[in-house]
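The values are calculated or read from the model by the stated rules, or taken from the named source; none is laboratory data. Being a predicted model, the structure only gives us computed values, none of them experimental. Quick reminder, even Gly has a Cβ in these numbers, built from the backbone with ideal geometry, and neighbours come from all protein chains shown.
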Amino acid sequence: NAILSWQRTAYHFQPEHNWMNDPNGPLFHKGWYHLFYQYNPDSAVWGNITWGHAVSKDLIHWLHLPFAMVPDHWYDINGVWTGSATILPDGQIVMLYTGDTYDVKQVQCLAYPANLSDPLLLDWVKYSGNPVLVPPPGIGAKDFRDPTTAWLSPDGDKWRITIGSKVNTTGISLVYETVDFKTYDMLDGYMHAVPGTGMWECVDFYPVSMSEINGLDTSVSGSGVKHVLKASLDDDKNDYYALGVYDPIEDKWIPDDPKLDVGIGLRYDYGKYYASKTFYDQNKQRRILWGWIRETDSEYADIWKGWASVQSIPRTVMFDQKTGSNILQWPVSEVEELRSEIVEFDNVKLGPGSIVPLKVDTPSQLDIVASFEIDEDAFEGTVEADAGYSCPTSGGAANRGELGPFGVIVLGDKTLSEGTPIYFYVTKGTNGKFETHFCADELRSSLAPDVDKVVYGSKVPVLHGEKYSLRSLVDHSIVESFAQGGRTVITSRVYPTRAVDGAARVYLFNNATKVSVTASVKMWNMGSADIRTFPLNEQ
Ligand code: DQQ
């Protein structure tokens, strides 16, 4: 078990034991951030789904609290499934969640805190009239789950929520209106539907400002605002989003670019990341995104180590004013409280085929910020390079081209028998256009046989005059990487056996055949978040 204990993370949120999946009902109340999550109290695999509960002052240091809700009524005895919180103008908190009933049907249920003056919101009451919604005609009893945070209707006197479902293989979002969260009217048609995308789990729907960097409360609508619609596709277990315009009168959402519609275009994260959910943080006027990061080792290994899954570092979400066509995700600034001992490397020249070790104290717990510039001559002299390149299918960091790959290798060992390259790969098409790909290569991340080893990634917009820039949060068995300020994000779970704790190494590399690259790097050792269990042991 010693081997497996170092796969536990030091500053990502995880329970002490057992299985965790989706983040639920995040909210800020009386000085505390609350996170609820899908949890199995009995084992390290999915089942007996209960709402775990934890609180934090800063989204990084957490205190585990007693369960918020357990499966104990006929309407949720098979699981207290995913749900969302809405804070009403008078301060009341409404929690809507999916119950899996005694006969395995999905229904929506209402719960609220017993005592709003308790900052920890320890006690939760399930409404006596539950369930408040059952699957409507034409919707499968197992295709009706994960209610969103509510937003106000245009006249301001009713609340709306959306719930994901499917009709045949078309993913859909149903909208309901309510005044009291107890009785509801279904609006006609769907807010949106995309053929071929299958069941939409954990739909999320929220406004982003086109001109401000602050986040918006969920009910904000109108000019200067776009709406993000996100669905977690049950069929391929990835979170897809699209930017679009919401017409609250018609209750329709229209994607800006139909080719980048929900489920067929952009993803929040090109690695392991699912069932995510945002909330508006009224404390710091920002929108924060949580996501579930599952294991990619075997179920057997999860049972042996006694735990499974982590939550991502919460990310601030905003509209990318520079491209206008994507959102930006960035680790909440509070994570920087864990930084210490900066190490800097300026203007490191990396010729074609070079690799440079970087010395750091805590190589398994790092915040790395790196930027790369390409030698202009080599760049301009390129006729055509790697048209058709794609991170997942083009062979990883060992595959050399004229203009890439270059980047960092994290969680490597001394001889690089293990290592996870995070890199850029620039291509030039026959049309003369350069494109940049951002990839994470797990092919040599572990000598262990029984873990997923894939190459993740996608294209990332790099605008004129921008350097290639990345940030990676390294935490033992997870690497969250952000390119170009968060335009493209990749989360990897990796299970090194040698590149562990102090034995791990970080490298800069340029495996291109033609270009030289100049790299500048800042790295911080990251402390541990020291997540504790309630009641606090003062010893
Ligand atoms: N997880 C929950 C469901 C949701 C799924 C059950 C997504 O409510 O659709 O644990 O991971």
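The single residue among TRP51, TRP62, TRP46 that is more than 18 Å from MET95 (Cβ to Cβ) and within 16 Å of the ligand (Cβ to nearest atom) turns out to be TRP46. Restricting the search to strands (runs of 3 or more DSSP E) fully inside the range 69-155 and requiring at least 2 residues that are within 16 Å of the ligand (Cβ to nearest atom) and in contact with a strand residue (DSSP E or B) (Cβ under 7 Å, 6 or more places away or on another chain) gives 80-87, 93-100, 106-113. Residues in the range 156-165 that are among the charged types (D, E, K, R) and surrounded by fewer than 20 Cβ atoms within 10 Å (Cβ to Cβ) were compared, and the one that is nearest to the ligand (Cβ to nearest atom) is LYS158. For the range 269-280, a residue qualifies if it is away from the ligand (no atom under 16 Å from the Cβ) and more than 24 Å from GLN484 (Cβ to Cβ), and the qualifying residues are PHE279, TYR280. Identification of strands (runs of 3 or more DSSP E) wholly contained in the range 171-251 with 1 or more residues that are within 16 Å of the ligand (Cβ to nearest atom) yields 200-209, 225-233, 238-247. Scanning the range 454-470 for residues that are surrounded by 16 or more Cβ atoms within 10 Å (Cβ to Cβ) and in a loop (DSSP other than H, G, I, E, B) gives VAL454, VAL460, PRO461, VAL462.
Let's see how each residue does on (1) β-branched (Val, Ile, Thr); (2) closer than 22 Å to ASN48 by Cα; (3) surrounded by 18 or more Cβ atoms within 10 Å (Cβ to Cβ):
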| site | (1), (2), (3) |
| --- | --- |
| ASP76 | no, yes, yes |
| SER84 | no, yes, yes |
| LEU88 | no, no, no |
| MET95 | no, yes, yes |
| ASP100 | no, yes, yes |
| ASP103 | no, yes, no |
| CYS109 | no, yes, yes |
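Among the conditions (1) of a type in the set (S, T, N, Q); (2) modelled with pLDDT under 95; (3) within 16 Å of the ligand (Cβ to nearest atom), the only one that ASN1 does not satisfy is (3).
Residue-by-condition table, conditions (1) free of Cβ contacts under 8 Å to residues at least 24 places away in the same chain; (2) under 21 Å from ASN238 (Cβ atoms); (3) among the charged types (D, E, K, R):
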site: GLY432; (1), (2), (3): yes, no, no
site: LEU447; (1), (2), (3): no, no, no
site: VAL454; (1), (2), (3): no, yes, no
site: LYS467; (1), (2), (3): no, no, yes
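For SER276, the conditions (1) in a strand (DSSP E or B); (2) without any contact (Cβ under 8 Å) to a residue 60 or more places away in the chain all hold with the exception of (2).
Is it the case that the range 314-336 has a residue that's surrounded by fewer than 18 Cβ atoms within 10 Å (Cβ to Cβ) and within 30 Å of ARG400 (Cβ to Cβ)? Scanning the range 314-336 turns up at least one residue that is surrounded by fewer than 18 Cβ atoms within 10 Å (Cβ to Cβ) and within 30 Å of ARG400 (Cβ to Cβ). If I ask for residues that are under 14 Å from GLN329 (Cβ atoms) and under 12 Å from the mean Cα position of the chain (by Cα), which ones from the range 487-508 would you list? Result: THR488, VAL489, ILE490, THR491.
One residue stands out in the range 281-313 among those that are surrounded by fewer than 22 Cβ atoms within 10 Å (Cβ to Cβ) and hydroxyl-bearing (Ser, Thr, Tyr): the one that is farthest from the ligand (Cβ to nearest atom), namely TYR300. Among the residues of the range 500-509, none qualifies, meaning not one is crowded, with 23+ Cβ neighbours inside 10 Å, outside any strand (DSSP E or B), touching a residue at least 24 places away in the same chain (Cβ under 8 Å) and aromatic (Phe, Trp, Tyr).
Of the residues in the range 13-25, at least one is among the polar types (S, T, N, Q), surrounded by 20 or more Cβ atoms within 10 Å (Cβ to Cβ), within 15 Å of the ligand (Cβ to nearest atom) and under 16 Å from PHE279 (Cβ atoms). Restricting the first member to the range 91-114 and to residues that are touching a residue at least 60 places away in the same chain (Cβ under 8 Å) and among the aromatic types (Phe, Trp, Tyr), and the second to residues that are within 12 Å of the ligand (Cβ to nearest atom) and not in a strand (DSSP E or B), the beta-carbon pairs closer than 8 Å and six or more apart or on different chains are TYR97/ASP76; TYR97/PRO147. Can you find a residue that is outside any strand (DSSP E or B), under 17 Å from LEU35 (Cα atoms) and not β-branched (Val, Ile, Thr) anywhere in the range 258-266? No, every residue in the range 258-266 fails to be outside any strand (DSSP E or B), under 17 Å from LEU35 (Cα atoms) and not β-branched (Val, Ile, Thr).
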